[in-house]
1. Can you list the residues, at least 5 places off or on another chain, whose amide H is less than 5 Å from the amide H of M64, using H built in the peptide plane?
2. Obtain the nm distance between the two label points defined at R88 and S116 by a simple spin-label model: each point lies 7 Å from its Cα along the Cα-to-C-beta direction.
3. Return a whole-number percent for the relative contact order of the chain, with Cα pairs under 8 Å and 6 or more residues apart as the contact set.
4. Using θ = phi - 60° and the Karplus relation 6.51 cos²θ - 1.76 cosθ + 1.60, list the HN-Hα couplings for the stretch 138-150 in order, rounded to whole Hz, with x at every Gly or Pro.
5. Find how many whole Å separate the alpha carbon centroid of the stretch 61-108 from the alpha carbon centroid of the stretch 111-127.
6. Using the number of other C-beta atoms within 10 angstrom as an exposure proxy, rank L151, L32 with the fewest first.
7. Within 10 Å, count the other beta carbons around each residue, average over each peptide in 137-144, 103-110, 51-58, and list them highest first.
8. Using θ = phi - 60° and the Karplus curve 6.51 cos²θ - 1.76 cosθ + 1.60, what whole-Hz ³J(HN,Hα) does each residue of the stretch 120-128 get, with Gly and Pro shown as x?
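Please treat every number below as a calculation from the coordinates, not as lab data. For clarity, every value in this text was computed on a predicted model and none was experimentally measured. Because the Cβ atoms are built from the backbone with ideal geometry, glycine has one as well, and the counts that use them run over all protein chains shown.
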Amino acid sequence: MPKGYIYTTKTGYDPERGKALKDPYLGDRPTLGACMPNIRRQVVQGDHIFIVSGKVKDTPQFVMAGFEVEDKIDALLAYDLYPQHRLRQLDSGEIIGNIIITPEGTQHPLDTHDPSTFGRRIQNYVTGRKALVLNSPREIQSGMEDTSNVLS
């Protein structure tokens, strides 16, 4: 029987009033790369991951997305399959991407997490399907109204 897992993002991550979310990637084919190794380790195909916005002043947290787990793959395979998700810095200075390895499989220089956690952070790269993502202001407002009571 499929299970559901809740991933609450860090303080400040909100699609309208905060920082942009980098991991998970919530596009056409959602992925969960380096964050939440505990969830990535536990999920199996068919499970669901629900993403809750981070705390932002004067803004209720809400379930902003969810997707079904399709597969778990090795980070080197993810590097080859999803070049658009590789860690990189944009001209604006923003760092994006959720594949934190180099082509050689070592920790990317832009990944500033503790090197001692690198080994577990590259295991179980999650690919997803059937994503439901609240994007428009109307969807986000409705999501806040529908889920804030449950989350509190």
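1. I51, V52, S53
2. 3.3 nm
3. Values: 298 pairs, mean separation 44.4, N = 152.
After rounding, I find 29 percent.
4. 5, 5, 5, 4, 5, x, 4, 5, 7, 10, 5, 5, 5
5. The stretch 111-127 and the stretch 61-108 have Cα centres spaced 11 Å from each other.
6. Values: L151 14, L32 27.
So the ranking, lowest neighbour count to highest, is L151, L32.
7. Details: 137-144: 14.6, 103-110: 12.5, 51-58: 16.9.
Packing proxy ranking, top to bottom: 51-58, 137-144, 103-110.
8. In residue order, the calculated couplings are 7, 7, 9, 7, 6, 5, 8, 10, x Hz.
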